Amino acid sequence: MFRLALFAAFAAAVFAISLTGPAAAQSSDQPSGTITVEDSATKDAAIAVRIRDILAELGDYQDVTVTVASGIVTLRGTTLDNATATRLNEIAGRVEGVVAIENEVTETTDVVERLNPAIERFWERLKQLLAYTPLLAVALLGFAIVVIIGFFIARLRQPWNRLAPNAFIADIYRQLIRLASLIAGLVVALDVLGATALLSTILGAAGIIGLAIGFAVRDTVENFIASIMLSIRQPFRPNDSIEINGDEGKVIRLTSRATILLNWDGNHVRIPNSTVFKSRILNYSRNPERRFKFDISVDYGTDLAQALQLVHDTLEPLDFVLAKPAVDAWIVELGGSDITLRVVGWINQRNTSILAAKSEAIRLTLRAFEAAGIEMPEPTYRILTDAIGTAAPSLKKPGKPALATPARSVAETTDALNVEATAEQELELIVDEEREATKEDDLLNREGATTE
């Protein structure tokens, strides 16, 4: 019993599926209006002839037959696709006198019939292409002329080198001219072909692709933009002594990707321009005057006024110390066993080494203090005990006994050693050799003033 019910359900489903195609075709685009009482075979024949003539003119319904009885149109045969078959309802329904439409047309499965239209379309497009060949040649010629003119203008040294602050910006101008010439050539070619509507599609696709590439190479784009900004602002020049994020050295060059330094150990340091642009740049060479400073401690009981004056008398006569800004010294801290003095002086770093000047100033100041009997304090330690009646002894770290130093005049303390900036000058020679040897594009202007 169960098997019989299952079979009946299956048969009903198959029957419903078989009726789906024709039912759908018959239910759509049926003619509207009232049905007349009269029935004429002559009228049916006229309707059939009219529909056959229309289908013959359309050309896609060679395998479709038309019969009419009592105003009911029956269509049978095959078409290339379902859309073409469905369109028959609309065509037949517009003929006067049609009461109903029975559309039994199906989609053909014949391989030859389905391939013939594709082959015909291919040959038709090939003929169209051959017909457009002269016009296409003219369009390509116009594109080539515009592009050649644009590239020729971009290759000129002037006016781009005069308009740009450096070679990098001039090259960007040239790239923009080349890009503009390509777009202009494309517009001319499409205008000749009468297909300028494609330009918006092409530019839209190029914009989407450019946006995707921009996200993919975001760091590269950021570095490129930073290179442009640094080449315009020129925050440093070749051979400037700078510090960037803790990296110190002399500037060799600024390229389109990185800033190259020669550090004090003679090694190359390449810093990406995006990092340089966002970092704090300390330029030691921007001004020739540079200050050195050091701290020195004296013992409690020292005549501080005498000590401060002795610093002035010792450092001011030195040849490498500038008169303006003047040497200065002051008290900065009272320690547990000493008093700290801070000493500052100024030099011309183009002639004097900052490290050598600081070292020599410390040496001469110490010698002057020793000559004046000003002692350097030694650290002391105190030990506290719980022993009753036992005094907590104060222990002093053993050191060398004070030497009886004969008094010296201040003039004797000014025999300074050589503090010329020979080391820095040697580094500058290395930088010049590097710049001459590598011949890379440099975005820095050696003579021009830096801009902020």
(request) Take the alpha-carbon positions of the stretch 301-374, form their convex hull, and give its projected area averaged over all directions (one quarter of the hull surface) in nm². (result) 5.2 nm²
(message) Quick check on packing: order 249-255, 42-48 by the mean number of other C-beta atoms within 10 Å, highest mean leading.
(response) 249-255, 42-48
(message) Going by average Cβ density within 10 Å per residue, which order do the peptides 58-66, 347-355 take, highest to lowest?
(response) 347-355, 58-66
(message) Apply the Karplus curve 6.51 cos²θ - 1.76 cosθ + 1.60, θ = phi - 60°, to the phi angles in the stretch 265-270 and return the couplings in whole Hz, x for Gly and Pro.
(response) 8, x, 9, 7, 10, 9
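Just so you know, all these numbers are worked out from the coordinates, no wet-lab data involved. Not measured: the values here are computed from a predicted model. Every residue, glycine as well, gets a Cβ built from its backbone with ideal geometry; the counts of neighbours run over all protein chains shown.
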